[in-house]
Amino acid sequence: MEAEKLNKPQEQPCNIHDVVCSMDFGNGIILYNDDCLQALRKLNDKQFNLAITDPPYNVGRLYNEHDDEMPLLEYENWCKDWFNELLRVSETVVMTIGYKNLKFWMNLDPKHMIIWHKPNQNSPSPLGGFNAYEPVLFWGKLQKRIGHDIFKTNIAMQEEAKWHNCPKHLPSWTKLIDMLVDKPAKVLDPFTGSGTTAIACHNLKLEFTGYELDAMYYKKACKRIKGYTSQMALW
Ligand SMILES: C[S@@+](CC[C@H](N)C(=O)[O-])C[C@H]1O[C@@H](n2cnc3c(N)ncnc32)[C@H](O)[C@@H]1O
């Protein structure tokens, strides 16, 4: 009974309009419906061990609200703003950055890169065939020895998150995070989307703080995360 009570997600209403703007799922898993840049600016230095994210790539994806076709300079300046905050608040920053933005991110001096190889990926490549890899870039401290710099997983549609237009493949994302940090660790995802990082952290018994600006995605992500966090007793 007590465990049930503690596991019940705690909703925090915003002060002004009584709109729910954060959800505490217990065991250190919390999601905010907020603009990550504004929120990150209020956080302390090195509050997190790992910031891992899959930001909007500015490739014209149809998000519910986010404009994924910003003028290039505006996009790059926006990325630099939140990226600098990530470097400040987290010991390690790891990102999937999209094929098109590789040059921009390489100029920001990543310390390491691994290749996420998805042999069954079938999205078109500019070479005329299929693009079966994604670069994953690292900045800051290496938390763990990484045995191999090719990370190979088959991916699949995320049926439970199909209301979002680009959810990461949960089993792969979980495996990637597990490869990067040991518990206990505090993990941050400023672009939470459908909640994949939150669920991966829950499964790996890591603490998680996330932000998602879009109210519809936020609500659906909360429901999805709850589906996992309410299944298990306290750890
Ligand atoms: C590429 S998606 C992340 C998908 C996520 N990895 C998943 O597995 O579902 C990027 C997300 O960032 C959100 N977003 C865009 N601008 C934001 C901002 N300023 N603060 C927080 N979230 C933002 C978008 O609404 C979108 O859901």
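The values are calculated or read from the model by the stated rules, or taken from the named source; none is laboratory data. All figures in this text were calculated on a predicted structure; none of them were measured in a lab. Every residue, glycine as well, gets a Cβ built from its backbone with ideal geometry; the counts of neighbours run over all protein chains shown.
If Lys223 passes every condition in (1) touching a strand residue (DSSP E or B) at 6+ places or on another chain (Cβ under 9 Å); (2) closer than 13 Å to Met23 by Cβ but one, which one does it miss?
For Lys223, the exception is condition (1).
Just to verify a result, which residue in region 44-65, among those that are near the ligand (Cβ under 8 Å from one of its atoms) and part of a loop (DSSP other than H, G, I, E, B), is surrounded by the most Cβ atoms within 10 Å (Cβ to Cβ)? Can you show your working first?
From region 44-65, those near the ligand (Cβ under 8 Å from one of its atoms) are 53-57, 61, 63-65; that's our starting set.
Next, from what is left, pick out any that are part of a loop (DSSP other than H, G, I, E, B): 54-57, 61, 63-65.
Values: Asp54: 22, Pro55: 20, Pro56: 19, Tyr57: 17, Arg61: 13, Tyr63: 15, Asn64: 13, Glu65: 9.
So, considering only residues that are near the ligand (Cβ under 8 Å from one of its atoms) and part of a loop (DSSP other than H, G, I, E, B), the one surrounded by the most Cβ atoms within 10 Å (Cβ to Cβ) is Asp54.
Considering only region 153-235, give the helices (runs of 4 or more DSSP H) lying wholly within it that have at least 1 residues that are under 11 Å from the mean Cα position of the chain (by Cα).
Numbers: elements: 170-180, 196-204, 215-229.
So the answer is 170-180, 196-204.
One residue is enough: does region 84-107 have a residue meeting the conditions more than 15 Å from the ligand (Cβ to nearest atom), surrounded by fewer than 19 Cβ atoms within 10 Å (Cβ to Cβ) and in a loop (DSSP other than H, G, I, E, B)?
Yes, there is a match, as at least one residue in region 84-107 is more than 15 Å from the ligand (Cβ to nearest atom), surrounded by fewer than 19 Cβ atoms within 10 Å (Cβ to Cβ) and in a loop (DSSP other than H, G, I, E, B).
If Phe25 passes every condition in (1) part of a strand (DSSP E or B); (2) within 14 Å of the ligand (Cβ to nearest atom); (3) of a type outside the set (Asp, Glu); (4) closer than 20 Å to Ala215 by Cβ but one, which one does it miss?
(2)
Looking at Lys183, Lys205, Lys141 in this structure, which one is more than 16 Å from the ligand (Cβ to nearest atom), closer than 30 Å to Gln38 by Cβ and at pLDDT below 95? Show your work before the answer.
Working: Lys205 fails: at pLDDT below 95; Lys141 fails: at pLDDT below 95.
Step by step, each of Lys183, Lys205, Lys141 is checked, and only Lys183 is more than 16 Å from the ligand (Cβ to nearest atom), closer than 30 Å to Gln38 by Cβ and at pLDDT below 95.
Which ones in region 204-235 are polar (S, T, N, Q) and crowded, with 17+ Cβ neighbours inside 10 Å?
Initial filter on region 204-235 (polar (S, T, N, Q)): 209, 229-231.
Residues satisfying the conditions are Thr209, Thr229.
Within the group Asp24, Asp35, which residue is under 21 Å from Ala185 (Cα atoms) and either modelled with pLDDT of 95 or more or loosely packed, with under 15 Cβ neighbours inside 10 Å (or both)? Give the steps one after another, and end with the answer.
Working: Asp35 fails: under 21 Å from Ala185 (Cα atoms).
Of Asp24, Asp35, the one residue that is under 21 Å from Ala185 (Cα atoms) and either modelled with pLDDT of 95 or more or loosely packed, with under 15 Cβ neighbours inside 10 Å (or both) is Asp24.
Do any residues in region 191-202 that are under 14 Å from Asp34 (Cα atoms) and more than 6 Å from the ligand (Cβ to nearest atom) have Cβ atoms under 7 Å from those of residues that are assigned to a loop (DSSP other than H, G, I, E, B) and not small (Gly, Ala, Ser), where the two are at least six apart or on different chains, and which pairs are they?
Thr192/Glu212
Restricting to region 109-123, count the residues that are buried (at least 17 other Cβ atoms within 10 Å of the Cβ) and either in contact with a helix residue (DSSP H, G or I) (Cβ under 7 Å, 6 or more places away or on another chain) or at positive phi (or both).
Within region 109-123, residues that are buried (at least 17 other Cβ atoms within 10 Å of the Cβ) and either in contact with a helix residue (DSSP H, G or I) (Cβ under 7 Å, 6 or more places away or on another chain) or at positive phi (or both) number 0.
Given Met216, Met232, Met157, which one is within 13 Å of the ligand (Cβ to nearest atom) and at pLDDT below 95?
On the way: Met216 fails: at pLDDT below 95; Met232 fails: within 13 Å of the ligand (Cβ to nearest atom).
Being within 13 Å of the ligand (Cβ to nearest atom) and at pLDDT below 95 holds for just one of Met216, Met232, Met157, which is Met157.
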